[in-house]
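Chemist: Here it is, the structure, as structure tokens.
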Amino acid sequence: VPFSNVGRMVRQPGYSQIMHHNQKRMIQITADVVEGVTNSRRVNETLLADFADLPERYPGYTLDLGGEFEDTTESLTAMMRAFAITLILIYVILGGLFQSFLQPLIVMFAVPFSFIGVVVGFFVMGMPMGMFSTIGIIALSGIVVNDSLILIDFINRERARGRGRQDSILRAGVARLRPILLTSITTILGL
């Protein structure tokens, strides 16, 4: 049977390759961000906002952002996991050092207060959070823990000498202010 009796041949463009990701067909769109005009975070936020209703309009289709956005998300997730593990380890070490369950918590509660300055600083400067700023926040947490240790240790020594709690706290604030500032400034400059 000749082919012309059962069908006809038409030439038209086709796919040069079919790509898959996680065992699903995908269409990959790439672009470079023009430095100084925008950044990848803003572009990705705009894409997510513009295509938020994609699954409703086209069932079966999803939007996955990769590249720098995916790398940053993975890195931030790993950093947050490491930060949580670090906090637990710091608590355990301080618990053994101070032989107390309460005093390590006092040291740990100082860390969230340091984030107030971070938020204000980024708001005033009008800068977005990035990878290096996240690393800086983790370093800041270490500085805050160190400063808290200096205060708590001085308070404990004053209490061991027989001073009252309030008097020990006031003396620690006055006597350890300069060493705390010098330690913090040298650490920040070193970083």
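The values are calculated or read from the model by the stated rules, or taken from the named source; none is laboratory data. Since the structure is predicted, the reported quantities are computational estimates derived from the model, not experimental observations. Cβ: placed from backbone, ideal geometry, glycine included. Neighbour counts: every protein chain shown. Areas reflect the complete protein model, heavy atoms only, side chains present, ligands, DNA and RNA absent. Shrake-Rupley method; radii C 1.70, N 1.55, O 1.52, S 1.80 Å.
Chemist: Output the residue which, of all residues in region 149-182 that are within 33 Å of the chain's Cα centre (by Cα) and in contact (Cβ under 8 Å) with a residue 40 or more places away in the chain, is farthest from GLN103 (Cα to Cα).
Modeler: Per the stated criteria, the residue is LEU149.
Chemist: Go through region 54-82 and count every residue that is open to solvent by 100 Å² or more (accessible area, probe 1.4 Å) and under 30 Å from ILE135 (Cβ atoms).
Modeler: The total comes to 5.
Chemist: Condition first: under 27 Å from the mean Cα position of the chain (by Cα) and open to solvent by 100 Å² or more (accessible area, probe 1.4 Å). Now tell me which residues in region 1-28 satisfy that.
Modeler: Listed by number, the list holds a single entry, ASN22.
Chemist: Sticking with this one: Answer yes or no as to whether VAL144 is modelled with pLDDT of 85 or more, of a type in the set (A, V, I, L, M), closer than 30 Å to THR38 by Cα and under 23 Å from the mean Cα position of the chain (by Cα).
Modeler: It is false that VAL144 is modelled with pLDDT of 85 or more, of a type in the set (A, V, I, L, M), closer than 30 Å to THR38 by Cα and under 23 Å from the mean Cα position of the chain (by Cα).
Chemist: Let me ask something additional. Have a look at ALA31, ALA110, ALA52, ALA78 and point out the one that is part of a loop (DSSP other than H, G, I, E, B), aliphatic (A, V, I, L, M), modelled with pLDDT of 85 or more and out of contact with any Lys or Arg (no Cβ under 7 Å at 6 or more places or on another chain).
Modeler: Result: ALA52 is the single residue among ALA31, ALA110, ALA52, ALA78 that is part of a loop (DSSP other than H, G, I, E, B), aliphatic (A, V, I, L, M), modelled with pLDDT of 85 or more and out of contact with any Lys or Arg (no Cβ under 7 Å at 6 or more places or on another chain).
Chemist: Related question: Counting only residues that are assigned to a helix (DSSP H, G or I), in contact with a Lys or Arg (Cβ under 8 Å, 6 or more places away or on another chain) and open to solvent by 40 Å² or more (accessible area, probe 1.4 Å), how many does region 138-191 have?
Modeler: Qualifying residue count, region 138-191: 4.
Chemist: Please verify whether ILE106 is open to solvent by 50 Å² or more (accessible area, probe 1.4 Å) and among the hydrophobic types (A, V, I, L, M, F, W, C), treating the condition exactly as stated.
Modeler: Yes.
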